[in-house]
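The values are calculated or read from the model by the stated rules, or taken from the named source; none is laboratory data. Only a predicted model underlies this, so the values are computations on that prediction, with no experimental measurement involved. For neighbour counting, all protein chains shown are included, and Cβ atoms are generated from backbone atoms with ideal geometry for every residue, glycine included. SASA here: full protein model, heavy atoms, side chains in, ligands and nucleic acids out. Shrake-Rupley method; radii C 1.70, N 1.55, O 1.52, S 1.80 Å.
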Amino acid sequence: MFIRHRLHSHSLATLQVRSETVAADVNSRWNGQYSCFNLVARTPECEQTVVRVGDIAIGGDDFVVMAGPCAVESEQQVLKTAVSVAQAGARILRGGAYKPRSSPYSFQGLGVEGLKILSKAREHTGLAIITEVMSELDVDVVAEYADIMQVGTRSMENFSLLERLGTCRRPILLKRGMTATLEDLLRSAQFLAECGNPDVILCERGIRTFETATRNTFDVAAVPVLKMVSRLPVIVDPSHAAGVRVLVPILARAAVVVGADGLLVEVHPQPEKAVSDGEQSLTLEQFDAMMTDLDPYLRLRGIETLNDTQTSSFNKAFALAGGVS
Ligand code: PEP
Ligand code: MN
């Protein structure tokens, strides 16, 4: 139960009735259970949240693709990737400057230097930037460079981080904890909203199960369930779900078909040399092919091709920036 910022009993009772009408449509056992998620739950009265970053709208009619390397390694690596993914139709560049690594001996990220590289890539391509923030101590510096703050799977319940992100004035991409239920995910989203930041994008990135064939298990049903019970945009990260690049475009198709609002995909110019998550990173060419491959699935939803509609804004921004030397 979300109790930190307890609602007045009067509004709680009202909301309980509202949420019963929505969450219970999906699962009758959820009667009233989502009442404490009033800031993120879908109710007949509330509108869908559309998260806006410049001219990009996430959660509206567009399908928004975020792509880039797992980790920022060098300026050349990031600029090369940024130009290529932008030409393929991505709108947002991803790249970790602060990396949550399970081993203390793995690459931990370039920190502020990495943020500056991402910022340079934004200047050159017009892409918006998403990057992870791991600690409340880094929120200010990350917010200075990032357009969207990513909360990783390991941080979904880092409540001091979430509390600090409540006032960072940047949208949040909240990844589902690898052992979190959808209710847990929505509780963390509510926490962010309650702390002042309702601009939250939910991200399904696969969960831990007994299956070992894939790195995580892509919970396909999470997407329609979250879309039904929550008002927040939902995107899918097929890279961390799959763990191997051959499956990434196939899971991406599934994400489109089940109604996701976008994708977060790892792409690297030389995946075999990547310092992290190389096995699941697409090459630049594979990413381009994936974007074209998604066309028929997007058309089923009445969405135009990613390459044509979105490359034009890239070309404009790229021309304005004078290209990359
Ligand atoms: C990432 O996006 O590179 C990452 C670390 O993701 P997750 O938090 O889902 O493991
Ligand atoms: Mn990664």
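Could you check what % of the DSSP bridge pairs in the chain are antiparallel, to the nearest 5?
Around 15 percent antiparallel, to the nearest 5.
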- [ ] Compute the separation of the alpha-carbon centres of the range 114-133 and the range 159-190 and state it in Å as a whole number.
- [x] 22
TODO: Take the alpha carbon gyration tensor of the chain, find the square roots of its eigenvalues, order them as a ≥ b ≥ c, and report rounded if a/c is under 1.5; if not, report prolate when a/b exceeds b/c, else oblate.
DONE: prolate
- [ ] Name the residues whose placed amide hydrogens come within less than 5 Å of the amide hydrogen of Leu264, ignoring near sequence neighbours (fewer than 5 apart) on the same chain.
- [x] Met66, Val236, Asp237
Open item on the list: Probe radius 1.4 Å, ligands and nucleic acids left out: which of Glu47, Glu211, Glu144 has the largest accessible area, and how do the rest follow?
Closed with: Glu47, Glu144, Glu211
TODO: Mind giving me the nanometre distance, one decimal, between the label points for Gln48 and Met228, set 7 Å out from Cα along Cα→Cβ?
DONE: 1.7
Task: Dipole in debye (nearest 20) - the chain, about Cα centre, beta carbon charges: Lys, Arg +1; Asp, Glu -1 - done: 400
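Give me the net charge of His268's neighbourhood, meaning all other residues with Cβ under 10 Å from the Cβ of His268; Lys, Arg count +1, Asp, Glu -1.
Summing Lys/Arg as +1 and Asp/Glu as -1 gives -1.
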Task: Farthest positive-ward along the range 82-172 dipole, Cα basis, beta-carbon charges - from Phe159, Tyr98, Gln87 - done: Gln87
- [ ] For every helix of n ≥ 4 consecutive DSSP H residues, a contribution of -39,500 (n - 2.57) applies; sum these over the chain, divide by its total residues, and give [θ] at 222 nm rounded to the nearest 500 deg cm²/dmol.
- [x] -12000 deg cm²/dmol
TODO: Kindly sort Met228, Met291 by accessible area of their heavy atoms, largest first, with the probe set to 1.4 Å.
DONE: Met228, Met291
Open item on the list: How many angstrom lie between the Cα centre of the range 195-233 and the Cα centre of the range 58-76?
Closed with: 18
TODO: Report in % the part of the accessible area of the chain that belongs to carbon and sulfur, leaving out ligands and nucleic acids; probe 1.4 Å.
DONE: 52
Open item on the list: Please report the net charge: other residues with Cβ closer than 14 Å to the Cβ of Pro198, K and R +1, D and E -1.
Closed with: +2
- [ ] Quick one: what are the phi-derived ³J(HN,Hα) couplings along the range 128-133, Karplus 6.51/-1.76/1.60 with θ = phi - 60°, whole Hz, x for glycine and proline?
- [x] 7, 10, 10, 8, 7, 10
TODO: Indicate the gyration tensor shape class of the range 51-198 (rounded, prolate or oblate), computed on the Cα atoms with a ≥ b ≥ c the square roots of the eigenvalues: a/c under 1.5 is rounded; otherwise a/b larger than b/c is prolate and the rest oblate.
DONE: oblate
Task: Probe 1.4 Å, protein heavy atoms only - accessible area per residue of the range 62-125 in square angstrom - done: 35
- [ ] For the range 98-142, just say rounded, prolate or oblate: build the C-alpha gyration tensor, square-root its eigenvalues into a ≥ b ≥ c, call rounded for a/c under 1.5, and beyond that prolate if a/b exceeds b/c, oblate if not.
- [x] prolate
- [ ] Kindly provide the trypsin sites (Lys or Arg not before Pro) of the range 182-236 that DSSP labels as loop, not H, G, I, E or B, and whose Cβ sees at most 15 other Cβ atoms within 10 Å.
- [x] Arg208
Open item on the list: Using DSSP H assignments, which helices in the chain have an axial alpha-carbon span of 24 Å or above and a mean Kyte-Doolittle hydropathy of -1.0 or higher?
Closed with: 9-26
